[in-house]
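The values are calculated or read from the model by the stated rules, or taken from the named source; none is laboratory data. None of the values given here were measured: they were computed from a predicted structure. Don't worry about glycine lacking a Cβ; one is built from the backbone with ideal geometry, like all the others, and counts go over all protein chains shown. Each accessible area value is taken on the protein alone, full model and side chains, heavy atoms only, with ligands, DNA and RNA left out. Shrake-Rupley method; radii C 1.70, N 1.55, O 1.52, S 1.80 Å.
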Amino acid sequence: QTYFEGKILQRFALACLYLATNGIRNTYIDRPHLYQNKGVPKWDNEEGWFTVKDECNWHGITCDQNGVVVRIDLPDNMLTGSCPMEIIYLAETEYLDIGGNSIACSGEELNWIKEMKALRHIDVRLNNFEYEGIPPVFTNQTNLQFVDVSYTRFYGPLKATDFEGMDNLKHLNLDGNWYLSSIPYELLSLPSIEYLHIVDSGIVGNTSFLENVGPQMVEIWLDANPRLRGTIPSAIGNISNLTSLSLSNCGLIGTLPSELGLLTSMEKLWVYDNALTGQIPEEIGKLTLLESFYAQRNEITGEMPDEVCALLSAENLFALSADCGKVTCECCTSCSRL
């Protein structure tokens with residue numbers, strides 16, 4: 001088969017990816033509890049790779065009608081070693097998922113990301129991409145819509161400049177790293193952001209950033225950040241498209257604002273394991289699409305409003321939980337009595 005120049009270059013880039021990540025040691029793999037003194041496993045599925053088959057038929061590779069690689073799907077496939085810089089020759093790739101592997105990169109070794117300008121979707125979760133903070137490789141990536149860098153060993157503060165120019169970003173997952181910083185207002189102000197996950201990430205400071213969230217936001221998950229403190233602001237009611245708000249196991253105080261009742265698209269509301277006080281506002285009964293509401297292990301008292309209990313009869317709400325020793329709640333599906 002005769003290959004045009006671009007075809008040869010992309011085949012070369014894929015070969016470099018295969019050779020750099022298939023059964024190759026790195027600092028993570030060599031830890032005592034893993035594969036030290038043992039052979040490093042090969043890819044789980046390497047069908048077609050490094051054979052005479054057209055690379056568009058290799059496992060995890062999708063090409064367009066011109067035979068140009070546009071998608072790489074290799075999640076949970078036991079990739080090791082490190083990402084080779086030659087991957088930048090896959091310049092038309094729009095979708096890259098190498099999450100759930102054991103690739104190790106740090107510092108400037110991550111610069112290949114900023115060179116892949118066509119990317120719309122990148123998932124590198126659960127790899128060992130060490131960096132102090134968020135590496136400056138996503139800035140001005142105007143095509144990016146989905147970024148998952150959860151549990152990648154990023155550590156250090158989140159900075160406003162990390163997210164500059166990401167005007168089309170819709171889904172951002174920063175879970176499981178260790179930032180020890182507040183959430184920059186600039187992140188919440190991105191014009192297209194809809195899904196934001198920063199769970200178990202050492203977020204500190206107060207909750208005032210929630211006042212900057214645009215109405216297009218659909219999902220906010222900030223659980224397991226006990227140094228995130230303050231009240232849920234009444235401005236939360238302005239996030240008109242919000243369907244999922246999860247703030248469990250943080251340091252929240254004050255009362256649940258009645259403005260939560262304005263969030264008529266809400267399906268999931270989790271605020272358990274905080275220090276919230278006051279009573280459950282009856283306005284939550286206006287959330288007719290609500291499926292689960294967990295408010296246990298707080299200092300909330302009083303009675304569960306009839307308006308909220310009535311949601312169980314509507315058959316959308318299937319989970320309702322509170323501290324039944326403090327809150328009278330005959331309709332709750334589960335109770336915490338701690």
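The mean sequence separation of alpha-carbon pairs under 8 Å and at least six residues apart, normalised by the residue count of region 43-150, gives a relative contact order of 21 percent.
Using 0.36 nm per residue of separation minus the Cα-Cα distance, give me the extension gain between GLU299 and GLU47 in nm, one decimal.
85.1 nm
For region 81-211, the alpha-carbon coordinates run over 43, 27, 21 Å along the three principal axes, in decreasing order. Restricting the calculation to Cα atoms, every distinct pair contributes to the Kirkwood radius of region 215-336, found to be 14.0 Å. Rounded to the nearest 5, the antiparallel percentage of DSSP beta bridges internal to the chain is 5%.
Roughly what % of Cα-Cα distances in the chain sit above 29 Å, to the whole percent? Please list the in-between numbers first.
Values: 27449 of 56953 pairs.
Cα-Cα pairs in the chain separated by more than 29 Å: 48 percent.
Assign one of three labels to region 230-277, namely rounded, prolate or oblate, based on the Cα gyration tensor with a ≥ b ≥ c the square roots of its eigenvalues; rounded applies when a/c is under 1.5, prolate when it is not and a/b is larger than b/c, and oblate otherwise. Oblate, since a/c reaches 1.5 and b/c is not below a/b.
Once you've got the Cα coordinates, tell me which of LYS114/LYS159; LYS114/LYS170; LYS7/LYS53; LYS7/LYS117; LYS117/LYS170; LYS7/LYS170 are over 23 Å apart.
Values: LYS114/LYS159 17 Å; LYS114/LYS170 18 Å; LYS7/LYS53 13 Å; LYS7/LYS117 19 Å; LYS117/LYS170 17 Å; LYS7/LYS170 32 Å.
The answer is LYS7/LYS170.
Phi angles across region 178-189 convert, under the Karplus curve 6.51 cos²θ - 1.76 cosθ + 1.60 with θ = phi - 60°, into 3J(HN,Hα) values of 9, 9, 6, 8, 7, 8, x, 4, 4, 5, 5, 8 Hz, Gly and Pro given as x. Applying a 4.7 Å Cβ-Cβ cutoff to the chain leaves CYS16, CYS83, CYS105, CYS250 as cysteine residues with no disulfide-compatible partner. Size descriptors for region 297-338: radius of gyration and Dmax over Cα atoms are 10.0, 29 Å. Around the amide H of ARG125, modelled in the peptide plane, lie the amide H atoms of GLY99, GLY100, SER150, all under 5 Å away and 5 or more residues distant in sequence or on another chain. Normalising the average separation of contacting C-alpha pairs (under 8 angstrom, six or more residues apart) by the number of residues puts the relative contact order of the chain at 8 percent. Direction-averaged projected area, Cα convex hull, region 152-243: 5.3 nm², rounded to one decimal.
Taking the Kirkwood radius as Rh and the Cα radius of gyration as Rg, region 30-134 has a ratio of Rg/Rh equal to 0.98.
If packing is taken as the average count of other Cβ atoms within 10 Å, what order do 143-153, 58-68 fall into, highest mean first?
Details: 143-153: 21.0, 58-68: 14.9.
Packing proxy ranking, top to bottom: 143-153, 58-68.
Given a cut-off of 20 Å, what percent of all Cα-Cα pairs of region 65-123 lie beyond it?
Working: 385 of 1711 pairs.
The answer is 23 percent, as a whole percent.
For the chain, the longest principal axis of the C-alpha atoms and the axis of helix 5-21 are separated by about 70°.
Is the shape of region 190-265 rounded, prolate or oblate, going by the alpha carbon gyration tensor and its root eigenvalues a ≥ b ≥ c, with a/c under 1.5 for rounded and a/b larger than b/c for prolate? Here region 190-265 falls in the oblate category.
Once neighbouring chains are kept in place and the probe is 1.4 Å, which whole percent of the accessible area of region 175-302 is contributed by carbon and sulfur?
Values: 2240 of 4620 Å².
Summing carbon and sulfur atoms, their accessible area is 48 percent of the total for region 175-302.
Ignoring aspartates and glutamates fewer than eight residues from LYS326 along the same chain, the ones with Cα atoms less than 14 angstrom from its Cα are GLU299, GLU303.
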